[in-house]
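Down below is the structure, laid out as structure tokens.
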Amino acid sequence: MNKKPWYREPFVWLIILFPASAVIGGMITISLAINSDDGLVVDDYYKQGLEINLVLKRDKAAVKHGLQATLNFTNQLIQIQLNKNAEYQLPNQIVIHLSHHTRSGFDQELFLNRVVITCIKVKHQS
């Protein structure tokens with residue numbers, strides 16, 4: 001019986017094909033990662049950096065007026081309970097911005113109207 005050399009066997013090349021294709025695919029992926037532009041999540045990062053100062057001013061104003069908020073999310077209801085100093089007047093409407101960090105198409109803006117709930121304490125007589 002005549003034996004063929006190993007490099008003339010089709011099954012050997014079939015076995016070599018899978019690891020070789022993985023190595024070639026890895027090299028292509030590394031090449032693309034090195035040579036392609038990653039891009040920024042935010043187009044104007046400098047402008048957003050300047051806006052951080054505005055956020056800090058809002059935080060300081062909230063502390064000054066004693067503003068605190070508690071949010072409750074249930075099915076189709078968003079409830080915000082605001083606490084404040086006595087001299088501060090709350091607005092009739094609050095705008096909530098729900099933003100997605102990487103996909104601005106999913107950002108939402110909600111307008112919440114003020115509902116005043118008054119609590120009456122009743123003293124029981126014994």
- Message: I'd like the residue in the stretch 74-126 that is exposed (fewer than 10 other Cβ atoms within 10 Å of the Cβ) and among the small types (Gly, Ala, Ser) and, out of all such residues, is farthest from Gln48 (Cα to Cα).
- Response: Ser126
- Item | Verdict on Ile16 being without any contact (Cβ under 8 Å) to a residue 40 or more places away in the chain, in a strand (DSSP E or B) and surrounded by 10 or more Cβ atoms within 10 Å (Cβ to Cβ) | no
- Looking at (1) in contact with a helix residue (DSSP H, G or I) (Cβ under 9 Å, 6 or more places away or on another chain); (2) surrounded by 10 or more Cβ atoms within 10 Å (Cβ to Cβ); (3) assigned to a loop (DSSP other than H, G, I, E, B), which is the only condition Gly66 fails? (1)
- Message: Could you check the stretch 69-110 and list, in sequence order, the residues that are farther than 22 Å from Asp44 by Cβ and not in a strand (DSSP E or B)?
- Response: Asn75, Gln76, Lys84, Asn85, Ala86, Glu87, Tyr88, Gln89, Leu90, Pro91, Asn92
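Read-outs throughout are calculated quantities, based only on the coordinates presented, and are distinct from any laboratory measurement. This is a predicted model, so every value here is computed, not measured. Note that we place each Cβ from the backbone using ideal geometry, even for glycine, and neighbour counts take in every protein chain shown.
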